[in-house]
Amino acid sequence: MSTVLELRDLHVEFGPGRAAVRGVDLTLRRGEVLGLVGESGAGKTLTALAALGLPPRGATVRGSVRLLGTELVGLPARDLARLRGRRIAMVFQDPLAAFTPVHRIGDQIGEVMRLHERPRPTRRAARRRAVELLTELSVPEPERVARAYPHELSGGLRQRAMIAMAVAGRPDVIVADEPTSSLDVGVQAEILAALQDARAATGAALLLVSHDLGVIAGAADRVAVMYAGRVVETAPTDDLFRAPRMPYTVGLLAAVPRPDTAHALTQIPGAPPAPGERNEGCVFAPRCPVAGPECDSTVPVLRGVRPEGAPGHSVACLRPETTAARAAADLYPTSPPPQPRPRGPVTALRVTALRASYRTHRAVHHADLEVRRGETVALVGESGAGKSTTLDRIIALTAPESGRIEVLGQDTAALTRSGARRLRGRVQIVLQDSAASLDPRMTIARIIAEPMEARRTPRDLVAARTRELLTQVELDPRTAGRYPHQLSGGQRQRVALARALAVRPELLLLDEPVSALDVSVQAGIIALLRRLTSEPGSPACLLVSHDLAVVRQLADRVVVMHGGRTVESGTVDAVFGRPRHPYTRALLSAVPDPAPRAERSRPVRPLIPLQDVDLSTGCAFRGHCPVHRRLPAEHRLVCERDLPAPPATDGAACHFPHTDEGVSLRGRPAAKGHPPAQ
């Protein structure tokens, strides 16, 4: 295959001695997918931006970037503009920021055609072709999407529209920077399918930047691993996942949570160096379990590992043979999987028939869940399912619009102001964005102490408890005098946990506690949560998350929501191993498997496009439901007429749930000749 994009000795610097990308070499061949992975700060996005001639303000780029033989470094801006969109295009991580907010989506896609095609199409013709392109990429309601402004679309639709704009000029290279970041697994699967369709339509090569190794396992032909601005290992995907040779890659792969089982997770101690640090020797040496004296003085270069490795497998390590002979558990500390725990007899939280609205929009139609003392219950579902609204109504400790919320045995509708204040100290929450939830003007010690001070705890006890909490969440005691901006994301999340635990709560609410963290940092927080929730006297936990692989590692029970309703609940083993509701099955099938061969052969059950049906009566899921489509007419009538009963403690809100034998017809096994469960 011919080379379409070649990076040689690429450097991106922010002043003398502050190199964020240090000597990157990459080759992208026509039609292939190259995955670029690594922790935050590794230089992945900077490498991608430099490849398009779009370095951040104040950055200096040197080295070589050749696109189809044309050198881009030093090329005048006017010439670069002619190439972008026509020869190379980018799918940005945040499409809302990348789109112009005052122009319609169809006009922005059409603008690419008007800039690069000759003869130049009219605006009307370009808009019409934009609709055709959205249709080719399986975007639902393409004409509506083309007429919409960016803020009127969901995150998934915006990302698919961004892909359509990237391929509008039929480029030779597409650079996708974290295109599935922060998206639900169902939407993520749709985005990856759209990228695959885009590549098939244009024949473009794809540079896929991602920290999600499950996505890389299924999508990439080759993988390059970056650490502290350097490529430290590159190989064909199967070979890299099967036999990594760089200790960093070994730790990274072993830190990925799997959706099929709760398992031991690897933690890589320490943190990556800041730009400009570790200019001598191996950048990973301070964290490396096999580093020798030579690693502190010699900078390793990429070299092949044949004959043991596959062709094209190279590693920047002075001791790859030592790594090859040892497993991840021999190199790094691991957190053991949680042990099954019997359900306690005392209920800490019960939500019954909850309804909640925002102005005229009904966000929650019927939510039921129960959390008992000593257990962790996960509330899962896609964006818009009603998870966050349910959590908001719980933490408010006020009367719900409809239904009942009981917190630690008290009905929130009957709470007085003073009663709510007393109860609030027994319920704590850890939010998704620790940077926004911690006061930037307060030291870490003050942040942790504040809840105790609010309860008038004596000063000497506050100081002792603060030191105890820092140790409990595995933070250096010297962290107490620092400010949030001086800490990493993982350290800030540990501080948020310490603050929540300061008053020894009986109910802990966790809102996406690891969604914004790198996989190695995430493994450390999961290990910490495992330990904290298994200790004697640990609080009951409600975990809200869209990451089902993380849920598998932490939860005892799972409650699934869709469209503002609870559709299934049960033990984590039952729901993940034998899902009954068609929505749960589709949700689980979309979770990436961090094993290339398993991921490529995994059957995905995407939700079928929403059919044009009246959802004012009957099951609200039937417009998406693959089971409803295959039912005989007399059974479809049941779904169209009757609302499924809410699930019991273990079960599914479905008229025809899946069973081990197939699809149950009104509680009976599948009839002979009836299509089996897929």
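A short reminder: the numbers here are calculations on the coordinates, not readings from a lab. Since this is a predicted model, take the numbers as computed values, not measurements. Glycine gets a Cβ as well: all are built from the backbone with ideal geometry, and neighbour counts include every protein chain shown.
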### Query
In whole angstrom, how far apart do the alpha carbon centroids of segment 570-589 and segment 120-147 sit?
37
#### Entry: Likely footprinting exposure, Asp197, Asp411, fewest C-beta neighbours within 10 Å first
Asp411, Asp197
## Note on the structure
Residues meeting the amide H criterion for Tyr227 (H placed from the backbone, H to H distance under 5 Å, 5 or more places apart or on another chain) are Val232
### Task
Neighbouring Cβ atoms within 10 Å as the yardstick, rank Thr659, Thr466 fewest first.
Thr659, Thr466
### Query
Where both partners of a DSSP beta bridge lie in the chain, what percent of those bridges are antiparallel, to the nearest 5?
60
### Cα-centred dipole magnitude for the chain, charges only on beta-carbon of K, R (+1) and D, E (-1), debye, nearest 20
1120
### Query
Which value, in debye to the nearest 20, describes the size of the charge dipole of segment 24-90 about its Cα centre when Lys and Arg Cβ atoms bear +1, Asp and Glu Cβ atoms bear -1, and nothing else is charged?
320
### Task
Using a/c under 1.5 as the rounded threshold, could you call segment 416-528 rounded, prolate or oblate? The axes a ≥ b ≥ c are square roots of the C-alpha gyration tensor eigenvalues, and prolate needs a/b larger than b/c, oblate otherwise.
oblate
### Query
So what are the ³J(HN,Hα) numbers for segment 530-535, from phi and the Karplus equation (6.51, -1.76, 1.60; θ = phi - 60°), rounded to whole Hz, Gly and Pro as x?
4, 5, 5, 7, 9, 6
